[in-house]
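To start, the structure under review is shown below, and the notes come after it.
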Amino acid sequence: MANTAEVINFPVPDVALKEPRVADLEDGFTRIANELLEAVMLSGMSQHQLLVFMAVMRKTYGFNKKSDWVSNEQISVLTGMLPHKCSAAKSALVKRGIFTQIGRAVGINKSVSEWVKLPASGKKDNVYLKEVNLPESGKECLPESGNDTYPNQVNTKDKHTKDNKDNSNNPPKSPKSASFDPAGVSLPEWLSQAVWKSWVDYRRDLKKPIKSQQTVTQAINLLERCKCSGYQPEEIINQSIANGWQGLFEPKIAKQTPRAQSRVSENFAGKDYGQTEIPAWARD
């Protein structure tokens with residue numbers, strides 16, 4: 001039996017020199033006022049809000065525009081965040097007055113004095129009393145020196161028995177109900193689990209989680225009415241997420257669907273129209 005050799009192809013390392021990537025003003029730049037930049041530093045934005053602020057600044061000031069329509073998908077590409085998180089951060093900046101929004105166009109509010117600042121918490125020094133003044137009634141029970149014994153005026157454990165305990169004032173505690181999970185509810189066949197989960201996660205990120213089965217039932221009924229009007233559930237849910245809404249809304253106008261108009265061709269040759277007599281003047 002002949003011995004066979006196994007050929008192993010090792011990967012060839014890429015030793016080619018690559019040109020380093022260097023940022024240059026000649027490739028474009030975004031101009032921002034120093035006062036506005038300092039206001040951003042003191043605004044106390046979260047990480048998501050700061051990334052969204054920089055993305056909007058790049059899409060507006062970077063193109064010499066005061067405001068423009070910057071979709072959540074564009075912000076997601078620039079920041080690497082999920083679109084619904086971009087929408088939540090953008091809505092928070094609009095509420096704080098950092099962003100101005102007219103319709104779908106969003107821009108940076110240059111009037112930094114109108115920005116709503118976060119409340120300063122934890123900066124106040126706690127004042128502790130150096131001396132504690134006991135009430136007169138409390139001084140009577142304390143001994144004058146540390147060698148004296150304390151008066152036995154406290155009900156000890158030995159005095160408590162099963163006979164003299166009053167349990168009437170302690171009603172039995174009701175068991176705590178399990179927390180409601182909106183993502184685990186049963187859904188109709190026409191509603192995708194992934195689409196419904198995106199709405200549940202979005203409400204949780206907004207700090208407005210779905211807490212009851214009644215809310216789920218009303219949302220499913222609304223999506224079913226929209227479906228009868230020609231709208232898919234993902235269209236209604238994505239519309240609310242893109243606009244930063246807390247609820248689902250039914251469109252006022254039903255979607256126009258193309259109607260197929262069938263035309264029936266008539267077979268004139270196959271029809272029987274009877275016989276027509278030739279007039280007398282045409283027979284000769």
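The values are calculated or read from the model by the stated rules, or taken from the named source; none is laboratory data. Bear in mind that the values here come from a model prediction, so they are computed numbers and not experimental data. Please note: Cβ atoms are built from the backbone with ideal geometry, for glycine as well, and neighbour counts cover all protein chains shown.
Here are some notes:
- Residue, surrounded by the most Cβ atoms within 10 Å (Cβ to Cβ), within the stretch 104-115, restricted to residues that are part of a loop (DSSP other than H, G, I, E, B) and touching a residue at least 24 places away in the same chain (Cβ under 8 Å): W115
- Screening G97 with (1) touching a residue at least 24 places away in the same chain (Cβ under 8 Å); (2) in a loop (DSSP other than H, G, I, E, B); (3) out of contact with any Leu (no Cβ under 7 Å at 6 or more places or on another chain) gives one miss only, at (1).
- Looking only at residues in the stretch 25-43 that are in a loop (DSSP other than H, G, I, E, B) and in contact with a Phe, Trp or Tyr (Cβ under 7 Å, 6 or more places away or on another chain), the one that is nearest to R96 (Cα to Cα) is S43.
- Residue pairs whose Cβ atoms lie under 6 Å apart, sitting 6 or more positions apart in sequence or on different chains, and linking a residue in the stretch 62-88 that is in contact (Cβ under 8 Å) with a residue 12 or more places away in the chain to a partner that is assigned to a loop (DSSP other than H, G, I, E, B) and not aliphatic (A, V, I, L, M), are G62/T30; W69/R104; S87/G244.
Residue-wise test of (1) surrounded by 15 or more Cβ atoms within 10 Å (Cβ to Cβ); (2) touching a Lys or Arg at 6+ places or on another chain (Cβ under 6 Å); (3) part of a helix (DSSP H, G or I); (4) β-branched (V, I, T).
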{"site": "I8", "(1), (2), (3), (4)": "no, no, no, yes"}
{"site": "A23", "(1), (2), (3), (4)": "no, no, no, no"}
{"site": "M45", "(1), (2), (3), (4)": "yes, no, no, no"}
{"site": "H84", "(1), (2), (3), (4)": "yes, no, yes, no"}
{"site": "K90", "(1), (2), (3), (4)": "yes, no, yes, no"}
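- Selection status of T4, surrounded by 15 or more Cβ atoms within 10 Å (Cβ to Cβ) and of a type outside the set (K, R): no
- Restricting the stretch 70-82 to residues that are among the hydrophobic types (A, V, I, L, M, F, W, C) and either in contact with a Gly (Cβ under 8 Å, 6 or more places away or on another chain) or buried (at least 18 other Cβ atoms within 10 Å of the Cβ) (or both), the residue that is nearest to K110 (Cα to Cα): V70
- Y202 satisfies every condition listed in (1) at pLDDT below 90; (2) surrounded by 10 or more Cβ atoms within 10 Å (Cβ to Cβ) except (1).
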